[in-house]
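Derivation of every value follows stated rules applied to the coordinates shown; laboratory data play no part. Keep in mind it's a predicted model, so treat the numbers as computed, not measured. Every residue, glycine among them, receives a Cβ derived from its backbone with ideal geometry; neighbour counts consider all protein chains shown.
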Amino acid sequence: MKKLTALILALCLLLGVAGCGGSVPAESELGAKDIVILFTSDVHGGIDSGWTYSGVDVIRKQLIVKGSSVILVDNGDSVQGEPLATMSAGSAVIELMNTLGYDVATIGNHEFDYGIERFMELVEMADFPYISCNFNMSGKLVFDPYIIKEIDGTKIAFVGITTPWTLRSSTPAYFMDQDGNYIYGFMQGNDGKDLYAAVQKAVDEAKAEGADYVVVMAHLGNVGEHKPYTYEDVLANTTGIDVLVDGHSHDLDQVEMKNKAGKKVLRSACGTKLEAIGYVRITPEGEISTGLYKWDNDENAVEVLGLESVMNEACQKAKEELNAALAEVVATSKVDLLTKDPASDVRIVRNQETAIGNFCADAYRHISGADIAFVNGGGIRRDIPKGDVTREDILKIHPFGNMLSVCEATGQEILDALEFGACAWPAEFGGWLSPSGISYEVHTYIDSRVQTDEAGMFVGVGGEYRVKNVYVGDEPLDPNKTYTVASHNYMLQNMGDGYTMFADNVFTQDSVMVDVQVLIKYITEDLGGVIGEEYAEPQGRIIFVEEKI
């Protein structure tokens with residue numbers, strides 16, 4: 001049956017029809033003797049999502065059967081995200097990309113999630129080159145800005161661009177020397193002009209070397225707040241680019257716009273986690289078009305279509321190695337860190353200070369360097385039992401794949417957050433805050449005056465606050481002072497549990513590290529692999545005052 005289904009897909013691809021939850025280009029779009037550039041982006045370790053890597057392999061092979069010459073490229077953010085990527089610090093994904101036979105990749109912001117040294121190790125593991133025309137160390141490019149591939153006498157230049165937003169959306173310390181000075185950069189200066197100049201230089205040099213076509217592999221995206229570093233900004237301020245394949249913002253937009261000289265340029269993006277595979281078609285007559293192989297089924301292509309590919313076995317092996325990695329002991333805990341009261345089964349992590357809540361919040365604060373941190377009780381899902389702690393134990397604590405972020409916030413905004421967190425007490429509330437770097441009292445004799453909208457989102461406080469005597473370290477909270485606050489993107493940016501007060505603030509670190517990695521890094525590096533007696537009991541960060549004095 002699997003062979004039959006795979007044959008059906010092959011015929012679909014050859015005949016150019018859609019079905020089974022996927023869609024492919026029409027026969028007139030992709031033909032013999034075309035040069036086809038297949039591209040993926042923002043896979044985030046999702047090797048068995050959407051089309052899967054097996055689907056990429058099958059599509060490429062069917063195009064080759066039709067007579068097309070195929071180049072396979074990736075636009076970044078492949079090595080971080082799903083447990084397969086995180087638990088191997090990216091190496092499992094690189095090995096699969098080697099097996100699949102990628103020709104070239106550009107660098108996304110999340111390639112740096114494990115630090116620059118680790119990324120350089122991944123680059124050494126890769127059988128394909130990484131390119132970036134703007135990632136530099138002390139003004140000198142770290143990678144080649146472009147490569148040229150020649151197919152039947154046609155030279156195609158691939159130019160890589162990495163978003164300068166990386167300095168904010170990764171861990172800033174990774175790009176600094178020991179004195180806190182930036183030594184790595186992304187041509188982020190001069191209101192975008194430095195980036196545009198770097199791109200133009202790479203394009204001009206590639207053309208001078210004989211390139212017939214210039215394809216930009218960008219990790220830029222279309223997020224408005226990332227201006228002046230979006231694909232629109234780059235294309236509007238450069239010339240000579242024939243097509244830009246893009247990533248970063250996880251969109252599926254197929255766009256036609258004009259460059260600085262008024263010439264048409266195509267831009268194509270393919271979403272995330274293999275929900276689509278993008279293509280650029282260059283005909284023998286020199287016509288250029290872009291499009292997508294979309295996958296619209298909840299189940300992946302291997303499950304639905306029974307695809308047969310060398311990638312099936314490779315991905316299965318990677319998942320087996322993941323299971324072995326999850327069983328690896330990464331720490332020892334001298335104490336039990338509990339989410340529930342053993343006597344009552346009440347989820348105390350949702351209505352009082354707990355050792356496990358303190359531990360998680362401390363991890364966010366120490367890894368980020370923020371003034372304070374907090375974690376929502378609903379985001380802490382499992383205990384840490386006394387004894388050996390495995391990677392799987394940590395994954396079960398934070399199973400959602402949220403990302404560490406840091407924003408600036410006034411003391412008043414922080415006070416509002418603490419008040420909102422305590423609004424449901426004594427009932428359990430997923431938005432109950434476990435704090436680090438901050439302590440306070442909850443005066444439970446005061447009824448909550450928190451106001452929310454119909455969706456339960458925080459609007460304001462219509463009376464006396466229950467939360468009082470708030471201290472940041474040893475200093476009273478100043479409502480007018482600006483502090484740095486660490487948590488994850490669910491709370492700070494996505495208004496999770498109703499926390500609306502931070503979403504529009506300035507973010508100094510934007511989705512820099514997956515939550516599981518935050519905990520593992522804190523345990524192994526800051527705690528030396530031992531969760532000690534300091535987490536045996538709550539530490540008096542939250543004090544309940546039951547009567548007015």
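For the chain, DSSP calls about 65 percent of its internal beta bridges antiparallel.
When each of the peptides 147-154, 236-243 is scored by the mean number of other C-beta atoms lying within 10 Å of its residues, the order from highest to lowest reads 236-243, 147-154. Across the range 329-545, Cα-Cα distances exceeding 33 Å account for 10% of all pairs.
Going Cα to Cα from K207, which lysines come in below 25 Å? Please leave out same-chain ones fewer than 8 positions away. Cross-link targets: K33, K140, K149, K155, K193, K258, K260, K263, K264.
Rounded to two decimals, the Cα-based Rg/Rh of the range 368-497, with Kirkwood Rh, is 0.98.
Using only the alpha carbon atoms of the chain, find the Kirkwood hydrodynamic radius as the inverse mean reciprocal pair distance, in angstroms to one decimal.
Details: mean 1/r = 0.0398 Å⁻¹.
Computed over Cα pairs of the chain, the Kirkwood hydrodynamic radius comes out at 25.1 Å.
Sequence-ordered 3J(HN,Hα) estimates for the range 371-388 from the Karplus curve with 6.51, -1.76 and 1.60 and θ = phi - 60° stand at 5, 9, 8, 8, 10, 6, x, x, x, 10, 9, 9, 6, 10, x, 4, x, 5 Hz, glycine and proline given as x. Amide H contacts under 5 Å for Y483: A409, T410, G411, restricted to partners 5 or more places along the chain or on a different chain, H placed in the peptide plane at 1.01 Å from N. Checking every one of the GluC sites (Glu not before Pro) in the range 484-546 against DSSP loop status and a limit of 13 other Cβ atoms within 10 Å picks out E546.
Normalised by the empirical 2.2 N^0.38 Å for globular proteins, what value does the Cα Rg of the range 295-343 take?
Its radius of gyration relative to the 2.2 N^0.38 Å reference: 1.98.
May I ask for log10 I(q)/I(0) of the range 2-324 at q = 0.08, 0.13, 0.15 Å⁻¹, from a Debye sum over the Cα atoms as equal point scatterers with solvent left out? Computed log10 I(q)/I(0) values: -0.34, -0.92, -1.22. Here is how the number arises for the chain: DSSP H runs of 4 or more residues each give -39500 (n - 2.57), the sum is divided by the residue count, and the result at 222 nm is -7500 deg cm²/dmol. The coefficient of translational diffusion for the range 101-209, derived via Stokes-Einstein from the alpha carbon Kirkwood radius under 25 °C and 0.890 mPa s, stands at 167 µm²/s.
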